[in-house]
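Heads up, the thing below is written out as structure tokens.
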Amino acid sequence: MFLITGSNGQLGSELKKLLPEAVFADVDVLDITDAGAVKSFVKAQNIDTIINCAAYTAVDMAEDEPELAWRINVDGPANLAASGAKIIHISTDYVFDGCGHKPYKPEDAACPVSVYGKTKLQGEQEVLKRAETAVIIRTAWLYSPYGKNFVKTMRRLGAEKESINVVADQIGSPTYAGDLAEAIVNILPQLAPEKSGVYHFTDEGVCSWYDFATEIMEQFGLKCRVCPIPTEAYPTKAKRPFYSVLDKSKIKETFHLCIPHWKEGLKKCLQQF
């Protein structure tokens with residue numbers, strides 16, 4: 001039996017469509033920071049495999065709430081990994097400082113520059129230490145029709161305003177949560193101890209937030225003009241990586257995945273609205 005934690009989030013909501021037979025648990029059902037509760041739940045529900053989508057993802061708020069971010073992003077995954085089940089744990093491009101200029105490989109040295117990134121990196125390490133079979137999937141720029149995300153914000157602003165400013169000097173790869181969910185479903189039957197480790201998954205292609213916003217306006221048929229600005233013109237409490245393109249060679253080769261381009265992912269997402 002599969003357990004999907006953080007089931008009301010973007011990725012959890014997409015997995016509900018693909019794995020309706022799974023056990024879905026958000027924080028109101030299971031507090032992953034409670035080790036005893038996790039152990040009892042996994043045993044009672046006869047859980048064989050956990051997909052951990054639960055996370056503290058408020059990047060700027062994490063700077064003011066490091067203890068809460070640590071409990072959810074480190075203690076929670078550690079408890080799930082110690083349950084004895086196989087685990088797929090979702091992580092982030094924020095484990096890198098973004099100072100590089102070529103796609104980051106899973107084995108590249110991590111150097112997070114925010115509380116969020118630091119807690120996610122520590123969470124990865126706890127999972128790998130405690131679970132016999134553990135696949136860490138780092139992803140980036142996730143969006144879907146669910147929850148709060150860049151696509152939904154741009155769609156709303158594009159309908160309200162004649163022009164908006166969007167950062168043009170941060171580079172990455174947008175990822176439709178539905179594409180990541182499909183990849184996870186393909187990986188599930190291939191889980192094995194010898195395939196444990198860290199992997200990268202985003203949709204194919206590279207762009208800036210400005211490029212992404214421009215494509216969103218075009219695909220949604222919005223007339224709003226997108227104006228490029230530098231990061232310093234849009235200050236945030238937490239530092240973001242300037243370049244966080246992820247090398248996906250390992251996940252494609254190990255699990256035989258074919259990954260769509262981010263523009264195709266955006267088209268699929270648009271059809272859900």
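The values are calculated or read from the model by the stated rules, or taken from the named source; none is laboratory data. Quick caveat, the model's predicted, so the values are computed rather than measured. FYI the Cβ positions are ideal-geometry reconstructions off the backbone, even for glycines, and counts take in every protein chain you see. Please note that ligands, DNA and RNA were not included when accessible areas were found on the heavy atoms of the full protein model with its side chains. Shrake-Rupley method; radii C 1.70, N 1.55, O 1.52, S 1.80 Å.
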(message) Against the 2.2 N^0.38 Å scaling, with N counting residues, where does the range 88-144 land? I'd like the Cα-based Rg ratio to two decimal places.
(response) 1.13
(request) Take the chain, connect every pair of alpha-carbon atoms lying under 10 Å apart with a spring to form a Gaussian network, then pick out the residue of L18, L180, L128 with the largest mean-square fluctuation. (result) L18
(message) Can you report the principal axis dimensions of the chain using only the alpha carbons, biggest first, rounded to whole angstrom?
(response) 55, 37, 35
(request) Work out, step by step, the length gained on full extension between D247 and E218: first 0.36 nm times the residue separation, then minus their alpha carbon distance; give nm to one decimal. (result) 7.7 nm
(message) Compute, for the range 91-173, the length of the dipole vector about the Cα centre, with Cβ point charges of +1 (Lys, Arg) and -1 (Asp, Glu) only. Units Debye, rounded to 20.
(response) 280 debye
(message) Taking only the Cα atoms of the range 41-113, how large is their convex hull per residue, in Å³?
(response) 110 Å³
(request) Take H101, H200 and sort them by solvent-accessible surface of the protein heavy atoms, 1.4 Å probe, largest at the top. (result) H101, H200
(request) Keeping all protein chains in place, calculate the accessible area per residue for the chain (probe 1.4 angstrom), answer in Å². (result) 45 Å²
(request) Heavy atoms only, probe 1.4 angstrom, no DNA, RNA or ligands counted: give me K268, K223 ranked by accessible area, highest first. (result) K223, K268
(request) Just the number, please: Stokes-Einstein D of the range 68-168 in µm²/s, Kirkwood Rh from C-alpha pairs, 20 °C, 1.002 mPa s. (result) 138 µm²/s
(request) Could you tell me what percent of the accessible area of the range 1-157 is made up of carbon and sulfur, with a 1.4 Å probe and every protein chain present? (result) 52 percent
(request) Please compute the net charge surrounding V27, taking Lys and Arg as +1 and Asp and Glu as -1 over other residues with Cβ under 12 Å from its Cβ. (result) -3
(request) For the range 172-273, just the Cα atoms, rotate onto the principal axes and tell me the three extents in Å, largest first. (result) 48, 33, 20
(request) Using a 1.4 Å probe and ignoring any ligands, DNA or RNA, find the accessible area of K252 and quote it in Å² to the nearest 10. (result) 70 Å²
(request) Determine the gain in length on full extension of the stretch E65-E232; use 0.36 nm per residue of separation and subtract their C-alpha separation, reporting nm with one decimal. (result) 57.7 nm
(message) Of all beta bridges DSSP finds with both residues in the chain, what is the antiparallel percent, to the nearest 5?
(response) 5 percent
(message) Please report Rg (one decimal) and Dmax (integer) in Å for the Cα set of the range 190-249.
(response) 17.0, 51
(request) Just read off the accessible area of D179 with the full protein assembly in place, 1.4 Å probe, to the nearest 10 Å². (result) 10 Å²
(message) Explain nothing, just the number: dipole magnitude of the chain about its Cα centre with +1 on each Lys and Arg Cβ and -1 on each Asp and Glu Cβ, in debye rounded to the nearest 20.
(response) 340 debye
(request) Rounded to the nearest 0.05, what FRET efficiency do Q190 and K16 give with R0 = 22 Å and r taken as the Cβ-Cβ distance? Could you check? (result) 0.55
(request) Determine, for the range 126-242, the count of lysine pairs separated by eight or more sequence positions (or lying on different chains) whose alpha-carbon distance falls under 17 Å. (result) 4
(message) About the Cα centre, and with charges only on the beta carbon of Lys, Arg (+1) and Asp, Glu (-1), how big is the dipole of the range 1-137? Nearest 20 debye, please.
(response) 500 debye
(request) Whole Å is fine, so just give me how far the alpha carbon centre of the range 1-80 lies from that of the range 198-237. (result) 29 Å
(message) With unit charges on the beta carbons (Lys and Arg positive, Asp and Glu negative) and the dipole taken about the Cα centre of the range 178-241, which residue among Q190, S208, Q219 sits farthest to the positive side?
(response) S208
(request) Could you tell me what percent of the DSSP beta bridges with both partners in the range 131-273 are antiparallel, to the nearest 5? (result) 15 percent
(request) Please compute P(r) over all alpha-carbon pairs of the range 89-240, binned at 5 Å starting from zero, and give each bin as a whole-number percent. (result) 2, 8, 15, 19, 20, 15, 10, 6, 3, 1, 0
(message) Heavy atoms only, 1.4 Å probe, whole protein assembly: order K102, K195, K263 by accessible area, highest first.
(response) K102, K263, K195
(message) Projecting each Cα onto the charge dipole of the chain (Lys/Arg +1, Asp/Glu -1 at the beta carbon, about the Cα centre), which of Y146, M1, L80 comes out farthest on the positive side?
(response) Y146
(request) Choose one answer from S244, S196, S173: the residue with the largest mean-square fluctuation in a GNM of the chain with alpha-carbon springs under 10 Å. (result) S196
(message) Given a 10 angstrom Cα cut-off, can you work out which residue in N79, N165, N52 is the most mobile in a GNM of the chain?
(response) N165
(request) Averaging sequence separations of C-alpha pairs under 8 Å and six or more residues apart, then dividing by the length of the range 197-273, give the relative contact order as a whole percent. (result) 53 percent
